[in-house]
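In what follows, a single structure is set out as structure tokens and then discussed.
The values are calculated or read from the model by the stated rules, or taken from the named source; none is laboratory data. Values in this document were obtained by computation on a predicted structure and should not be read as measured data. In this analysis, Cβ positions are derived from the backbone assuming ideal geometry, glycine residues included, and neighbour counts consider all displayed protein chains. Side chains included, ligands, DNA and RNA excluded: accessible areas come from the protein's heavy atoms. Shrake-Rupley method; radii C 1.70, N 1.55, O 1.52, S 1.80 Å.
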Amino acid sequence: QVQLVESGGGLVQPGGSLTLSCAASGSIVSFNAMGWYRQAPGKQRELVAIMSSGGRTNYADSVRGRFTISGDNAKNIVYLQMNNLKPEDTAVYYCYAELPPRRTVYWGQGTQVTVSS
């Protein structure tokens, strides 16, 4: 059993910053990928940023240059540094992990990020 626990969400003003953390625990040997998705009310869930086992990263066009994904392999933690936040970034952010050998997908419970004055 693998669990993903997120932290760092909250309320921030436009132009502000937040850092999200996701800690993975359980029977973990390796990851295929870890990352972040988000879903705003009335919208589709979308990929925000993802990191493969080889360290390659991918970002949504809307966040590239503002958000940075990174990881601490020793602690099984993935981070999302979010800078220059905009109201359109308001969403529930979900931690995502894919594990071998059968590409099992795990999700965190979600953490609310609200960007508002």
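Take the residues in region 28-83 that are basic (Lys, Arg) and more than 21 Å from residue 14 (Cβ to Cβ); name whichever of them is surrounded by the most Cβ atoms within 10 Å (Cβ to Cβ). Only one residue fits best here, namely 45.
Residue 95 fails exactly one of the following numbered conditions: (1) on the phi > 0 side of the Ramachandran plot; (2) touching a strand residue (DSSP E or B) at 6+ places or on another chain (Cβ under 8 Å). What is the number of that condition? Of the numbered conditions (1) on the phi > 0 side of the Ramachandran plot; (2) touching a strand residue (DSSP E or B) at 6+ places or on another chain (Cβ under 8 Å), the odd one out for residue 95 is (1).
Touching a helix residue (DSSP H, G or I) at 6+ places or on another chain (Cβ under 7 Å) and open to solvent by 40 Å² or more (accessible area, probe 1.4 Å) - does that describe any residue in region 8-20? Yes; the residues of region 8-20 include at least one that is touching a helix residue (DSSP H, G or I) at 6+ places or on another chain (Cβ under 7 Å) and open to solvent by 40 Å² or more (accessible area, probe 1.4 Å). If the condition is being open to solvent by 40 Å² or more (accessible area, probe 1.4 Å) and either at pLDDT 95 or above or β-branched (Val, Ile, Thr) (or both), then region 99-113 contributes 104, 105, 106, 107, 109, 112.
Scanning region 35-54 for residues that are over 13 Å from residue 90 (Cα atoms) and touching a residue at least 12 places away in the same chain (Cβ under 8 Å) turns up 35, 36, 47, 49, 50, 51, 52, 53. Taking the conditions (1) of a type in the set (Asp, Glu); (2) under 15 Å from the mean Cα position of the chain (by Cα); (3) closer than 23 Å to residue 12 by Cα in turn, residue 98 satisfies each one other than (3).
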